[in-house]
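> I have a structure here, written as structure tokens, and I will follow up with some questions on it.
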Amino acid sequence: MMEQLQEGYVSSVAASAGCSVEVVGKDTFGVDVQFIRPPATHLQQEAILFAQLKCTTQVTPDRDTKSFQYRFSKREYFEGLAAPRTHIKKILIVMTVPLEQLAWTEVVTGGLLVKRECYWTHLEGKTSELVKPVIDVPTDNTFDANALIKIMERQDRGESLDG
């Protein structure tokens, strides 16, 4: 159910950013979804970004701190995100949710409220000697439509996604 909630969240963000999102059904290379931004004209090409999704009840981010820690359950997930890539980049999107499933969402006047947000980070070039690597996820990196647009624009320009 956590995966389903997170897929709904990232689909909503993608739609708001003018992108489509496709769930990758077979986890053979550490990618759960791909975002596709259509070209501005038919003479340009689309932009694609890969993401690995992780959802956890183990962390409650504190906005007063610069980051929170996330531990991978498998080293391969970390390695796939840390490996250098020349074209389509990969990001990690971590969603934190309350322990109680019924507390994940709330109907409010005017809409549906998802109780926690997603955060993103770019791990390319990072290293860890741990079997189950622990990483810092910046609390400033909220995954929303503006963030997705900026990430894809940086990738288009060949800039680091860490900026």
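> If LEU113 meets every condition in (1) of a type in the set (A, V, I, L, M, F, W, C); (2) out of contact with any helix residue (DSSP H, G or I) (no Cβ under 6 Å at 6 or more places or on another chain); (3) outside any loop (DSSP other than H, G, I, E, B); (4) modelled with pLDDT of 90 or more apart from one, which number is that one?
Of (1) of a type in the set (A, V, I, L, M, F, W, C); (2) out of contact with any helix residue (DSSP H, G or I) (no Cβ under 6 Å at 6 or more places or on another chain); (3) outside any loop (DSSP other than H, G, I, E, B); (4) modelled with pLDDT of 90 or more, only one is false for LEU113: (4).
> Go over the candidates ILE93, ILE88 one by one and state the one that is within 20 Å of VAL24 (Cα to Cα), part of a loop (DSSP other than H, G, I, E, B) and touching a Phe, Trp or Tyr at 6+ places or on another chain (Cβ under 7 Å).
From the options ILE93, ILE88, the qualifying one is ILE88.
> Please tell me if ILE135 is out of contact with any Ser or Thr (no Cβ under 6 Å at 6 or more places or on another chain), assigned to a helix (DSSP H, G or I) and modelled with pLDDT of 90 or more.
no
> Among the strands (runs of 3 or more DSSP E) contained in region 21-73, which hold 1 or more residues that are surrounded by 10 or more Cβ atoms within 10 Å (Cβ to Cβ) and touching a helix residue (DSSP H, G or I) at 6+ places or on another chain (Cβ under 9 Å)?
33-37, 47-56
> Oh, and also: Pick from ALA145, ALA82: which is in contact (Cβ under 8 Å) with a residue 60 or more places away in the chain, surrounded by 14 or more Cβ atoms within 10 Å (Cβ to Cβ) and among the small types (Gly, Ala, Ser)?
Step by step, each of ALA145, ALA82 is checked, and only ALA145 is in contact (Cβ under 8 Å) with a residue 60 or more places away in the chain, surrounded by 14 or more Cβ atoms within 10 Å (Cβ to Cβ) and among the small types (Gly, Ala, Ser).
> Would you say ALA14 is within 17 Å of the chain's Cα centre (by Cα), outside any helix (DSSP H, G or I) and either under 18 Å from ILE88 (Cα atoms) or touching a residue at least 24 places away in the same chain (Cβ under 8 Å) (or both)? Spell out how you get there, then give the answer.
On the way: within 17 Å of the chain's Cα centre (by Cα): yes; outside any helix (DSSP H, G or I): no; either under 18 Å from ILE88 (Cα atoms) or touching a residue at least 24 places away in the same chain (Cβ under 8 Å) (or both): yes.
No: the conditions fail for ALA14.
The values are calculated or read from the model by the stated rules, or taken from the named source; none is laboratory data. Since we're looking at a predicted model, the values are computed, not measured. Quick reminder, even Gly has a Cβ in these numbers, built from the backbone with ideal geometry, and neighbours come from all protein chains shown.
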